[in-house]
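To start, the structure itself, in structure tokens.
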Amino acid sequence: MISKTKESGRADLLIRMPPELKERIEKAARLVGMTKTDWVLQAIEAILHVQELQAEAQEESLEIRRQQETKFEEIVAALAVEQKLGDVASLTTQNRTKLEAMADRKLENWRSEQRSYGEQKPKTRLDRLCKEFSDLGEEAQSIGDEQMNRDNIERVGRIFGGDWVWEQEEFDAEDFEEEYPDVIETDPGGDKE
């Protein structure tokens, strides 16, 4: 006899968990009108999806960082030519350090001009390299922002689960006072004796 699991094309996974966690899963599944199994499957798929997106974003960020390093080397090389210091490979440590500091200043000046005067077209080769470096930085920032949004969506999804809509419970003052006896009631606009 063929098992129902094989017929459905699904695989079995036995998960042992503390009873408290099982109760929480059951409650969460009830809140969104799902079976425990479907709720757990959806949660696993959501977490795996987020992890895959995180890994993809990290790879993209690493690639952009590599491109920025290459672009920075191009800026240093252009400055070496401009300063008549020759080939980058033959630079002394002192000249290399000097050129890297110049490259950092050039990049900061480019960013400052863009903030002050708006998007400008590059006028020189160095300007073009600075723009390309800055564009890569913006792309990396965009990937980071997207990742942060995904992380926040995942957190909210964990809290609320599925399409669950928050229903505020009716406030009961007596229950509140019993649960929080140290809270002092104030009446800022109330009766004054």
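Read the figures in this text as sums done on the coordinates, not as results from a lab. Computed from a predicted model, the values in this text were never measured in an experiment.
Values as computed for the structure displayed
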{"read-out": "Over the stretch 1-132, relative contact order from alpha-carbon pairs under 8 Å, at least 6 apart, %", "value": "16"}
{"read-out": "The stretch 12-76: C-alpha gyration tensor shape, a/c 1.5 cut-off, then a/b vs b/c", "value": "prolate"}
{"read-out": "Cα gyration tensor category, rounded, prolate or oblate, for the stretch 58-128 with a/c compared to 1.5", "value": "oblate"}
{"read-out": "Cα principal axis extents for the stretch 19-141, largest first, Å", "value": "73, 35, 19"}
